[in-house]
Structure formats: C-alpha cells, structure tokens
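First comes the structure, then the notes that go with it.
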Amino acid sequence: MGFADTGKLGVAVRPRVYSDRLPKNVAQPDLEGKTLFAIGGVNPDLFNLDAVLHAKITQSEYFKCLYVFKTFEKIVDLIYEKVSYVEPFTHRGASTKRSLQKQPSSAFCLLLKLFHFRLTEDQVRELLDHPDSTYLRIMGMLYVRYGTSPPGVARFE
C-alpha cells in the first residue's frame, strides 16, 4: 500500500488525519453595517444543497483544509486556480468493479465555504460580474440559485 506504518497482523495502516479537530468554518469578520445576502429557500440550514451532497462535502478532506482561508479574496483566488468544471461530484478515489466512489468536487466544496462565509450582496455581485473567469461567474450564479428561493433569483439578473 505504500504506508510506512503497519498495524496488527502486519497490514499497512493509513496514517491518521487530524483535520477533524479543526474549528468549524465561520463567517467573515467585520460584517457590521453591510447588507448580507439573505439565505432562504426550503432548507436554509443546508444552504438548499442535497443532504447527501452536504454530508459528503463536510466530511471531505479538501473542505476541511479550506478552513485556513479566512478572506473572500483568498477563496476567489482558489476558485480561479482550482475550479475547472462545475459538477456536484467527481469520480475520484477507489473504484470498484461496478461503480466509482463519488467525492464532492472542488467547486461545490468552495461553494459551501462561500456559504459559511455569509457573503454580502456586493460580494455576490462581484462574483456575478467578474471579468476574468467564467467559473467565478458560475460560482456566483450557483450561490444565488442555491442560496435563495426562485423569486429571489430575479434580483440578480
């Protein structure tokens, strides 16, 4: 397997990952006096994401590693650098004979990070009107679509 540590019976053991001990993602600082984007819809606790997708994102190592990024600008840079497709799941990891193990895509991990940031309406507008990257505009559109009910989407057209 390639792991240096062996457990009982001489079988290779995967090293422990301690990212579960990281604090939860939190909203950005200094939001007083700014107009926050109002999260609504059917299930605002999960940001209207599918429950299975939300669970897989919060359990993924990539999402847990995003905690170190604490500014909107850093997340925008990550989207610009890392997102090359926008699908909820990617087929990474171990494969079996019948199917591939589905993992959340980096785009949807970053989308949930944006939701945890509690973006202002100006930041959402900045994503929607970004001149350089189509993926940043798509992430802005997904933020609006998942973050609000359908009548609320018309405000950002």
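The values are calculated or read from the model by the stated rules, or taken from the named source; none is laboratory data. Predicted, not measured: the structure shown is a model, and the values here were computed from it. Glycine also receives a Cβ, built like all others from the backbone with ideal geometry; neighbour counts cover every protein chain displayed.
Please work out if residue 123 is among the polar types (S, T, N, Q) and over 17 Å from residue 34 (Cβ atoms). Criteria not met by residue 123. Candidates are the residues of segment 112-157 that are touching a Phe, Trp or Tyr at 6+ places or on another chain (Cβ under 8 Å) and among the acidic types (Asp, Glu); the one that is farthest from residue 28 (Cα to Cα) is 132. Screening residue 84 against (1) within 27 Å of residue 33 (Cα to Cα); (2) of a type in the set (Gly, Ala, Ser); (3) touching a helix residue (DSSP H, G or I) at 6+ places or on another chain (Cβ under 8 Å) leaves a single unmet condition, (1).
Taken across segment 146-153, residues that are closer than 30 Å to residue 32 by Cβ, in a helix (DSSP H, G or I) and either in contact with a Pro (Cβ under 7 Å, 6 or more places away or on another chain) or at pLDDT 90 or above (or both) do occur, with at least one present. Scanning segment 11-57 for residues that are modelled with pLDDT under 50 and not hydrophobic (A, V, I, L, M, F, W, C) turns up 14, 15, 16, 18, 19, 20, 21. Among the residues of segment 122-139, write down those that are of a type in the set (Lys, Arg) and in contact with a His (Cβ under 6 Å, 6 or more places away or on another chain). Once the filter is applied, which keeps residues that are of a type in the set (Lys, Arg) and in contact with a His (Cβ under 6 Å, 6 or more places away or on another chain), segment 122-139 yields only 137.
Could you tell me whether any residue of segment 102-119 is out of contact with any helix residue (DSSP H, G or I) (no Cβ under 8 Å at 6 or more places or on another chain), surrounded by fewer than 21 Cβ atoms within 10 Å (Cβ to Cβ) and of a type in the set (S, T, N, Q)? No, segment 102-119 contains no residue that is out of contact with any helix residue (DSSP H, G or I) (no Cβ under 8 Å at 6 or more places or on another chain), surrounded by fewer than 21 Cβ atoms within 10 Å (Cβ to Cβ) and of a type in the set (S, T, N, Q). Note on segment 58-74: residues that are basic (Lys, Arg) and either within 16 Å of residue 139 (Cβ to Cβ) or at pLDDT 95 or above (or both) total 1.
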